[in-house]
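The values are calculated or read from the model by the stated rules, or taken from the named source; none is laboratory data. All figures in this text were calculated on a predicted structure; none of them were measured in a lab. Please note: Cβ atoms are built from the backbone with ideal geometry, for glycine as well, and neighbour counts cover all protein chains shown. Ligands, DNA and RNA are excluded from the accessible area calculation, which covers all protein heavy atoms including side chains. Shrake-Rupley method; radii C 1.70, N 1.55, O 1.52, S 1.80 Å.
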Amino acid sequence: MMLVVGIAASGSNTYVIGDGRCEKDGILTAAITNNPGAPIASIAEYPYEINVGLIFNGSTRYESGTSQNSFLNMISTALMIKIGG
């Protein structure tokens, strides 16, 4: 089984959304975005929309990057626990 995870703060990046090739090839898709209702969330089979709110005034890129990094760390830690690594 294969899984592709698209990561885009805005959730509308053309490169991350792609051309539907994963769906054609039967590959599972997940998306991590910081924009609720983003186009990538409606395409992915497993969308994760992280609402960071306002932490630092005017620093949305920093907030998005930090939240996505934390989320990816949670995923890798859970997978390592599951496989016993």
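7 Å from Cα along Cα→Cβ at both GLU49 and ASN13: what's the point-to-point distance in nm?
1.9 nm
Suppose all protein chains stay in the model; what accessible area per residue would a 1.4 Å probe give for the chain, in Å²? Write down the numbers at each step before the final one.
On the way: 6170 Å² over 85 residues.
With the other protein chains kept in place, the chain gives 73 Å² per residue.
Ignoring ligands, DNA and RNA, what percent of the 1.4 Å accessible area of the chain is carbon and sulfur? Could the numbers behind the result be given before it?
Numbers: 3600 of 6170 Å².
The computed percentage sits at 58.
Order the following by accessible area, largest value first: LEU79, LEU28, LEU72. Probe radius 1.4 Å; ligands, DNA and RNA are ignored. It would help to have the intermediate numbers written out before the result.
Numbers: LEU79 100, LEU28 45, LEU72 65 Å².
Most to least solvent-accessible, the answer reads LEU79, LEU72, LEU28.
Given points 7 Å out from each Cα along the Cα-Cβ axis, report the THR60 to VAL5 separation in nanometres with one decimal.
Going from the THR60 label point to the VAL5 one covers 2.4 nm.
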